[in-house]
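All of the numbers you see were taken from the coordinates with simple rules; none came from a lab. Model, not experiment: these values are computed from the prediction. Please note: Cβ atoms are built from the backbone with ideal geometry, for glycine as well, and neighbour counts cover all protein chains shown.
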Amino acid sequence: MSTLSPVLSAHWDEPDSFTIAAYKRHGGYGALAKALKSTPDEVIALIKDSGLRGRGGAGFPTGNKWSFIPQGDNKAHYLVVNADESEPGTCKDMPLLLANPHSLIEGIIIGSYAIRANHSFIYLRGEVVHVYRRVQKAIEDAYAAGFLGKNILGSGFDLELTLHAGAGAYICGEETALLDSLEGFRGQPRLRPPFPAIAGLYAMPTVVNNVESIASVPSIIEHGVEWFQAMGTEKSKGYTLYSLSGHVANPGQFEAPLGITLRQILELAGGIRSGHQLKFWTPGGSSTPMFTAEHLDVPLDYEGVSAAGSMLGTKALQIFDETTCVVRATLRWVEFYKHESCGKCTPCREGTWWLVQIMKDLEAGKGTEADLEKLLDLCDNIAGRSFCALADGAVSPIISSLKYFRAEYIQHLTEGGCPFDPVASTLFETAGA
Amino acid sequence: MSFTHEELAVMDSIIARYPKKRSAVMPLLHYVQSLDGYVTERGIETIAEKLDLSTAEVTAVSSFYTQYKSEPVGEYHVGICTNTLCAIMGGDAIYESVCQNLGIKKDQTTADGKISLERIECNAACDYAPVVMVNWEFYDNQTPASVNELLDGVRSGNPPAPTRGPSKLRTWKENSAVLAGLSDGLAEEGLQAGEASLLGLNIAKSQGSK
């Protein structure tokens, strides 16, 4: 039996895969017709029963999120899709939207029907113009085909869908910062409660879902709960996109049942780049504590990764081989979090600056061993002390790299600098370039 | 100098997309950049007037987001990914090489106004690392040599097409208009998926055929 399970990516190899014609050729928008024949509550129940969990990082059950929207409250409801994909290493939603944007559009219409929303939004990061074009065209074509607008397929259900470009702020991937940004403010996270389900966009009941979560909905409606549950593990049902990048022979996207291991994916992909060995990797982006070769057989589902001390996150498998300096890698990630801290909470705003200063000294071999303790002490004072999880992400690479590679930090100190040649980790000869 | 009637009408059409007009501030800022190349004073003033905000409120939003520029950038804005994965796989070397080639550093523009340079964070294309963006179009799997060719092409007015994008590289202003929601009709150009995007699918298909 195949260890892979292409669903969303099943037709990406057809040159016109992104068109509405191609999508319909493969049964697209059939799930919408089916869903509109059920009641909204039946759709919510079905997605709940399927066990679909959020694919954007937190893994919260999608159907439960939908069921939190108060019904009969005579308020406007909103479905907002988080397409602000920017967690370092994460590169699944952009290829999905380039090649198959209608899976998202169909999922949005079904989700909006379920939560009784008549206006929905896609918040797409701004630094991907061609993705914007594809999604915009898909929306136009869906309107023209009668899948959006008034009285969709004669059901009496109306839906407007607005595409909104971000402008280069990682923090807007955090759902409440995203809502503030969409309202026209600086993207800063809100204090919760109230949660978006009660007071989200314009203080109205709102569901914020990741692209992949929503794009998975039509397949579940079409093939049924049993089909979906036949894939995955006990508590992590279904299929998902894993993104393999870094020092591997062949980087790329792999759609597989939840619970596949990195060892299995590497075997399929041709392994680590020739002549090198795995040193460390992230299971789900830079905010998820790093793993090493000892974690090759960890099941990549929500529970498996968590039990091994990290998080499934966005399933962004960033692979680094033995040529990579873990201190340099960690410093660069921490610089990212410092740059992207929105400045609202003091521990994050100030703390990430201190982390960068100490990490810079350590990488240059200028610190002392006491700095390692200071670093951990700082991390302790940053994590969990801010409105959102950005600060928690900032300390993850530090704590995990110190756990597995403390000796390498000390080697920088004893040798008075970085013992690695950065050229060796590049994919090309830099000489003469 | 104020905006033309046509330009002001476009702004109204952008505002009309949202249940509350303040939500239009971001697409309006992208639109101003499509006209002026950066966020100009007249842009801030007009947006403030249209949305019933103070200019300070509009500036507060504009200055929060890195894609909005307070100074003119080049006709071609080059972003080198120097987040961890791209940096390690060659992004740092590419950045150094581009600085030498152009004689500028990050957040600067060449004297002729043609090319500006930025170090960018992860652009969601890690399976194509090292990644370079020009006017926010993907240039995948870059090397210092390939980026030099890219820059030569930009200088001579004949830049290579983006790896996953339209057949011809558009200017900073033209692409800013797209981000404001003004279609340029190019959605169907370019690849549906690059090689890395298809890796798992191709492997699954070869497994199935065995």
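Some points to look at:
- Only beta bridges with both residues in segment B:2-133 are counted; by DSSP, about 40 percent of them are antiparallel.
- The alpha-carbon of A:Lys24 sits under 23 angstrom from the alpha-carbons of these lysines, leaving out residues fewer than 8 places away in its chain: A:Lys34, A:Lys37, A:Lys92, A:Lys137, A:Lys150, B:Lys205.
- Taking every DSSP beta bridge that has both ends in the protein assembly as shown, the antiparallel portion is near 50%.
- Of the GluC sites (Glu not before Pro) found in segment A:202-238, the ones in coil according to DSSP and having at most 13 other Cβ atoms within 10 Å of their Cβ are A:Glu234.
- Exercise: per-residue mean of other protein chain Cβ atoms within 10 Å, A:217-226: 0
- Nearest-ten-degree value, helix A:211-223 long axis tilted from longest Cα axis of chain A: 50
- Cross-link partners of B:Lys106 among aspartates and glutamates (Cα-Cα below 15 Å; sequence separation of 8 or more within a chain): B:Glu71, B:Asp92, B:Glu96, B:Glu118, B:Glu121
- Once the Cα atoms are used to define both axes, helix A:390-415 deviates from the longest principal axis of chain A by about 20 degrees.
- Excluding same-chain neighbours fewer than eight residues apart, the lysines reachable from A:Lys366 by a Cα-Cα span under 23 Å are A:Lys338, A:Lys374, A:Lys403.
- When the Cα positions of B:Thr82, A:Thr292, B:Asn158 are compared along the charge dipole of the protein assembly as shown, A:Thr292 comes out farthest toward the positive end, with charges on each C-beta of Lys, Arg, Asp and Glu.
- As a ratio to 2.2 N^0.38 Å, the alpha-carbon radius of gyration for chain B is 1.14.
- For B:88-101, mean number of other protein chain Cβ atoms within 10 Å: 4
- The distance from the alpha carbon centre of segment A:320-351 to that of segment A:230-281 is 25 Å, rounded to a whole number.
- Taking a sphere under 11 Å around the Cβ of A:Pro347 and counting the other residues whose Cβ falls inside, with K and R at +1 and D and E at -1, yields a net charge of 0.
- Against the main long axis of the alpha-carbon atoms of chain A, helix A:40-50 sits at an angle near 40°.
- Lys, Arg +1 and Asp, Glu -1 on Cβ, resulting dipole of chain A about Cα centre, debye, nearest 20: 800
- Computed about the Cα centre, the dipole magnitude for chain B is approximately 460 debye when only Lys and Arg (+1) and Asp and Glu (-1) carry charge, each at its Cβ.
- Proximal charge balance of A:Leu376 [Cβ under 11 Å; K/R count +1, D/E count -1]: -1
- Its relative contact order, with pairs defined as Cα atoms under 8 Å and 6+ residues apart, puts chain B at 19 percent.
- Charge dipole of segment B:76-171 (Cα centre as origin; +1 on each Lys and Arg Cβ, -1 on each Asp and Glu Cβ, all else neutral): 260 debye, rounded to the nearest 20.
- With the helix formula -39500 (n - 2.57) applied to DSSP H stretches of n ≥ 4, the protein assembly as shown reaches a computed 222 nm mean residue ellipticity of -12500 deg cm²/dmol.
- Computed FRET value (nearest 0.05) for B:Ala16 with A:Trp227, which takes r as the C-beta separation and R₀ as 35 Å: 0.25
- The mean number of Cβ atoms from other chains found within 10 Å of a Cβ in peptide B:156-166 is 2, as a whole number.
- Filtered GluC sites (Glu not before Pro), segment A:333-433: DSSP coil and at most 10 other beta carbons within 10 Å: none
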